[in-house]
Each structure stands twice: as structure tokens, then as C-alpha cells.
Amino acid sequence: MSKDVLLVTGMSGAGKSTVLNTLEDLGWEVLDNFPVRLIDRLLAPAGDGRHEDADRPLAIGIGAQTRDFDPARLVQRIGRLREDDGHNIGTLFLDCSNTELERRYSETRRRHPLALDRPAADGILRERTLLAPVRSWANRLIDTSNLSANELAAQIRSTFSREGHSPLTLSVMSFGFARGIPRDADLVLDMRFLRNPHWDEKLRPRTGLDADVGAYVAADTAYADAMAAIDTLLLTLLPRYRAEGKSYVTIAFGCTGGRHRSVHVAERVAALLRANGFSPTVAHRDLGAAPQDQLEGSPSTRRRPADAG
């Protein structure tokens with residue numbers, strides 16, 4: 001079975017690290033400065049004739065600092081791997097103007113790898129000549145002269161994100177404000193505006209995982225409109241987070257004790273997200289805590305008796 005491989009090369013300072021980090025976030029296996037002479041062995045099939053993790057694409061960073069780097073031999077070696085072994089090997093060359101590269105080296109105060117004891121301009125010119133065969137042979141080229149790191153990462157995500165692959169790790173949780181707000185939450189939504197099952201003696205020992213508690217919470221007159229607004233908010237934000245390359249998002253729903261309202265809403269929202277193509281994990285931080293009146297405060301006096309709970 002052939003393996004999809006992308007060689008990432010180009011001018012030092014043109015953004016290779018940004019590209020490799022972005023590909024890794026997209027689920028690619030990434031190797032940087034891998035010795036050219038070992039590529040054949042890396043891509044050789046396992047003993048059963050298959051490649052390990054064959055469905056996972058591989059990105060290999062190669063450049064002037066790579067051991068035994070020889071552009072002409074690299075072109076020949078990759079051509080042979082394509083023709084003889086049927087590997088789908090692409091080459092992405094990252095270019096950048098000499099002026100911009102000089103500016104970047106000046107700002108970072110880094111030394112150019114090919115001009116450790118000379119001005120960066122000398123190393124840039126030497127490297128451009130060295131890489132000329134690879135640049136002319138590469139089937140993809142990105143000029144990063146006018147791109148920020150974020151813009152380059154966005155372009156890589158747009159080009160190389162696999163269909164059906166979501167780099168977004170999504171967590172939905174419930175918690176009780178009485179025990180503190182979760183420190184790792186990206187979005188915190190307060191469910192204390194909904195009527196509280198704690199004040200119903202039959203429902204108090206139960207939790208938001210129970211159908212009768214869920215029905216009690218859902219009967220609040222504000223519930224339908226609030227949930228519709230929350231649904232719209234999340235289904236708008238999450239695809240944007242994913243498009244921007246955010247790797248982790250935690251949505252936390254809170255109520256007073258963390259046992260009833262927040263639990264019910266977290267489960268409901270997780271089901272909605274699954275139905276829309278996400279794969280959230282669900283955690284209920286305070287579900288096992290014992291119900292306590294002093295944590296819940298007192299029943300609202302602003303609601304009608306039939307709604308108080």
C-alpha cells in the first residue's frame with residue numbers, strides 16, 4: 001500500500017517550522033531534518049507488505065541543515081520512490097524574498113545556517129543557489145514574503161486538511177459555581193437562570209442525567225429560547241475555531257451545585273454537537289457531590305409557586 005508523503009523544504013526562515021507544526025495539528029506524522037539516505041527505509045513496507053499507519057500522511061522537513069542533503073540526489077531518490085514503489089510523494093517549497101529573509105534574521109538575531117560567521121545575506125544567496133534544483137522540481141510552491149505565520153498556517157490548513165478530519169478536540173462539561181469555575185474552560189455558560197430541581201424533594205436526590213429532572217428543567221418558560229440561542233452560538237463558533245486551527249475547546253455549563261441543570265444542559269448540547277459532526281467528550285465535575293441547601297441558597301421568591309423548585 002502506498003503512503004502519502006509531503007516533503008517540506010525551502011529557504012531557511014521562510015516558515016518550515018510553521019508548516020510542520022500545522023500539519024502535525026492536522027493529524028499528519030511529522031519528521032524534521034530526517035536524513036535523506038534513510039527515506040527509502042522509512043517508506044519500505046512492513047513484513048506483511050503493508051506500511052504501518054499507512055492511512056496517516058507523512059510530512060518530512062528537509063533543508064540545508066539536513067544531514068547528507070544533496071538537492072540533485074534528493075530529486076533522483078524521490079523520483080525513484082514514486083516510479084518504483086508507487087508512493088504519492090509531493091514536494092512543498094517555501095520561498096521568500098531576500099529582503100524579507102534578511103529582515104526576519106535581523107529581528108530574531110538568529111544566524112543563518114549557511115553563514116554562521118558572515119552576514120545573513122551571504123547565507124541566503126548561497127542557499128538559494130543550493131536549493132535551485134529542488135525549487136524548480138517541486139510541485140507546490142508558497143511565497144511567504146507577505147504572509148504572517150498565522151496566514152501561512154491558515155493556508156496550510158485550507159490546502160492539506162483531510163476530508164472528514166477534525167483537528168478540534170472538543171470537551172463539554174458541567175460544574176457547580178459553588179465549587180469554583182473550571183480553570184481550563186474556553187466558554188462558560190451560566191444555567192442558574194433556569195428553575196432549580198434541588199428545591200423539589202423528589203428530584204433533589206436525582207441528577208440531570210435522569211429524565212424527570214431534565215423534563216423539570218426543560219419546562220422552564222425561558223428554556224426553549226435560551227437553548228436555541230446557545231445552539232446557534234456554538235454551531236457558529238466551533239467551525240470558526242476549527243478553521244483557525246484551535247486544537248482544544250472546552251465548553252463548561254454551570255449551575256449552583258453542578259448536579260441538575262448544568263448536567264442536563266451539558267448532555268443535551270453534547271448530543272446536538274454529535275448530530276452536527278463533532279465528537280465531544282462529556283464530563284460532570286461535581287455530579288458526585290452531596291446536595292446541600294447552603295450551597296444552593298434559597299428558592300427564588302420571584303417565581304410563581306408552580307415554577308419554584
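The values are calculated or read from the model by the stated rules, or taken from the named source; none is laboratory data. This one's a predicted model, so the numbers in the text were calculated from it and none came from an experiment. In this analysis, Cβ positions are derived from the backbone assuming ideal geometry, glycine residues included, and neighbour counts consider all displayed protein chains. Ligands, DNA and RNA are excluded from the accessible area calculation, which covers all protein heavy atoms including side chains. Shrake-Rupley method; radii C 1.70, N 1.55, O 1.52, S 1.80 Å.
Does the stretch 223-241 include one or more residues that are modelled with pLDDT under 90 and either open to solvent by less than 20 Å² (accessible area, probe 1.4 Å) or closer than 29 Å to residue 287 by Cα (or both)?
Yes, the stretch 223-241 contains a residue that is modelled with pLDDT under 90 and either open to solvent by less than 20 Å² (accessible area, probe 1.4 Å) or closer than 29 Å to residue 287 by Cα (or both).
Given (1) modelled with pLDDT under 90; (2) surrounded by fewer than 18 Cβ atoms within 10 Å (Cβ to Cβ), identify the lone condition not met by residue 17.
(1)
Return yes or no: is residue 101 open to solvent by less than 10 Å² (accessible area, probe 1.4 Å), in contact with a Gly (Cβ under 9 Å, 6 or more places away or on another chain) and at pLDDT 80 or above?
yes
Could you tell me how many of the residues in the stretch 179-189 are open to solvent by 60 Å² or more (accessible area, probe 1.4 Å) and not in a loop (DSSP other than H, G, I, E, B)?
2
Tell me, which residue of the stretch 228-267 that is of a type in the set (Phe, Trp, Tyr) and within 30 Å of residue 24 (Cβ to Cβ) is farthest from the chain's Cα centre (by Cα)?
Per the stated criteria, the residue is 241.
For the condition modelled with pLDDT under 95, surrounded by 18 or more Cβ atoms within 10 Å (Cβ to Cβ) and assigned to a loop (DSSP other than H, G, I, E, B), what is the one hit in 170, 203?
Unique residue meeting the criteria: 203.
So if I check each of 262, 279, 247, which one is of a type in the set (S, T, N, Q) and crowded, with 23+ Cβ neighbours inside 10 Å?
262
Considering every residue within the stretch 140-149, establish whether at least one is over 30 Å from residue 241 (Cα atoms), open to solvent by 30 Å² or more (accessible area, probe 1.4 Å) and touching an Asp or Glu at 6+ places or on another chain (Cβ under 8 Å).
no
Would you call residue 26 touching a His at 6+ places or on another chain (Cβ under 8 Å), modelled with pLDDT of 80 or more and open to solvent by less than 40 Å² (accessible area, probe 1.4 Å)?
yes
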